[in-house]
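Engineer: One structure follows; several queries about it will come next.
The values are calculated or read from the model by the stated rules, or taken from the named source; none is laboratory data. In this text, all values refer to a predicted model and were calculated from it rather than measured experimentally. Every residue, glycine as well, gets a Cβ built from its backbone with ideal geometry; the counts of neighbours run over all protein chains shown. Remember, those area values only see protein heavy atoms, side chains included, never the ligands or the DNA or RNA. Shrake-Rupley method; radii C 1.70, N 1.55, O 1.52, S 1.80 Å.
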Protein chains: 2
Amino acid sequence: MDVVGLTDDVTTAMRLAGSSGLPGLVVAVGDSFVVVPASQVLRVALPRYVLDDPALARVWDEASADRLAERLTGLRIADLLGALETGTDVPGAVVDGDATAVEVAAVMAAAHIPLVVVVDDGVLVGAVTASSLIAYLSR
Amino acid sequence: MDVVGLTDDVTTAMRLAGSSGLPGLVVAVGDSFVVVPASQVLRVALPRYVLDDPALARVWDEASADRLAERLTGLRIADLLGALETGTDVPGAVVDGDATAVEVAAVMAAAHIPLVVVVDDGVLVGAVTASSLIAYLSR
């Protein structure tokens, strides 16, 4: 699993997120981790008025993928976190290795995040996605 | 892509969501569609106090996967939508076939949803996930 840092640039992070197939970005912040859902990675690239009314996207000057990618150039992960309403104060996206299914579900549901990071004795051992937890629960 | 209806039961829907690998559930509501992120599918299965403080999951009586699955038995999708804070008034999760990348991103970002449904001339033609859009933008 790929983890990005606060000084990494957003386009590199997006490339990782796109290729990992994970539904979000895992960001190392100090000794812990924050998860930014993919939909919120996109948020930072859009003008405020488009977020307020997605219908205005159609009238955005040069409403193209190139224009969107261009807006992300030079931005760092720290800028992305700063631009999100939740900031870096998002509830923990970390569970430990002996967490129950209920604990994992509770963290995802409360934080509205599509994956949590599993850390055991300070070592990152992997991630669990909400989809995979659902598959496990409905087996 | 699998679509569930309001009268389908939540466990069947969870099984679909788990096996589809999609980061959310697509629900047909009247002539339109609503997307429930996987993390919010889990929400309905948890007691309120666990959502308020995920740390309490550990002390939940029988905090097991079985107990969680049991709480979902007999619930319908309509109950799930009713239990979510956003209700069925979630912003549209639908774009049409000629939507630009910016429009798709705007809908995902504004509605905090990990996928949108593509409908052309009233016919459901597929879905776009936020991860795949990010991969496309960072190509």
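Engineer: Return the residues of region A:12-41 that are part of a helix (DSSP H, G or I) and out of contact with any Ser or Thr (no Cβ under 6 Å at 6 or more places or on another chain); say none if nothing qualifies.
Structural biologist: Listed by number, the residues that qualify are A:12, A:13, A:16, A:17, A:19, A:20, A:39, A:40, A:41.
Engineer: Quick test for you: out of B:55, B:45, pick the one residue that is small (Gly, Ala, Ser), more than 18 Å from residue B:117 (Cα to Cα) and either modelled with pLDDT of 85 or more or open to solvent by less than 10 Å² (accessible area, probe 1.4 Å) (or both).
Structural biologist: So the residue among B:55, B:45 that is small (Gly, Ala, Ser), more than 18 Å from residue B:117 (Cα to Cα) and either modelled with pLDDT of 85 or more or open to solvent by less than 10 Å² (accessible area, probe 1.4 Å) (or both) is B:45.
Engineer: Tell me, please, whether a residue that is at pLDDT 80 or above and either within 12 Å of chain A (Cβ to nearest Cβ) or farther than 18 Å from residue A:53 by Cα (or both) can be found in region B:87-94.
Structural biologist: Yes, region B:87-94 contains at least one residue that is at pLDDT 80 or above and either within 12 Å of chain A (Cβ to nearest Cβ) or farther than 18 Å from residue A:53 by Cα (or both).
Engineer: Name the residues in region B:32-84 that are touching a strand residue (DSSP E or B) at 6+ places or on another chain (Cβ under 8 Å) and of a type in the set (D, E, K, R), would you?
Structural biologist: B:76
Engineer: Among the candidates B:12, B:7, single out the residue that is farther than 17 Å from residue A:107 by Cα, surrounded by fewer than 22 Cβ atoms within 10 Å (Cβ to Cβ) and at the interface with another protein chain (Cβ under 9 Å from one of its Cβ atoms).
Structural biologist: Just a single option satisfies the conditions, and that option is B:12.
Engineer: Look through B:67, B:139 and report the one residue that is under 30 Å from residue A:75 (Cα atoms), of a type in the set (D, E, K, R) and modelled with pLDDT under 85.
Structural biologist: Among B:67, B:139, only B:139 is under 30 Å from residue A:75 (Cα atoms), of a type in the set (D, E, K, R) and modelled with pLDDT under 85.
Engineer: Which members of region B:1-44 meet the condition of being of a type in the set (S, T, N, Q) and farther than 23 Å from residue B:71 by Cβ?
Structural biologist: Passing the criteria: only B:32.
Engineer: Out of the residues in region B:91-111 that are more than 15 Å from the chain's Cα centre (by Cα) and not hydrophobic (A, V, I, L, M, F, W, C), state the one that is surrounded by the fewest Cβ atoms within 10 Å (Cβ to Cβ).
Structural biologist: Top of the filtered list is B:98.
Engineer: Does region A:25-33 contain any residue that is within 11 Å of chain B (Cβ to nearest Cβ), surrounded by 24 or more Cβ atoms within 10 Å (Cβ to Cβ) and in contact with a Gly (Cβ under 9 Å, 6 or more places away or on another chain)?
Structural biologist: No, region A:25-33 has no match at all.
Engineer: Considering only region A:112-130, how many residues are open to solvent by 20 Å² or more (accessible area, probe 1.4 Å) and at the interface with chain B (Cβ under 8 Å from one of its Cβ atoms)?
Structural biologist: Within region A:112-130, residues that are open to solvent by 20 Å² or more (accessible area, probe 1.4 Å) and at the interface with chain B (Cβ under 8 Å from one of its Cβ atoms) number 3.
Engineer: Still on this model: Please count how many residues of region A:112-131 are in a strand (DSSP E or B) and either touching a residue at least 60 places away in the same chain (Cβ under 8 Å) or charged (D, E, K, R) (or both).
Structural biologist: 9
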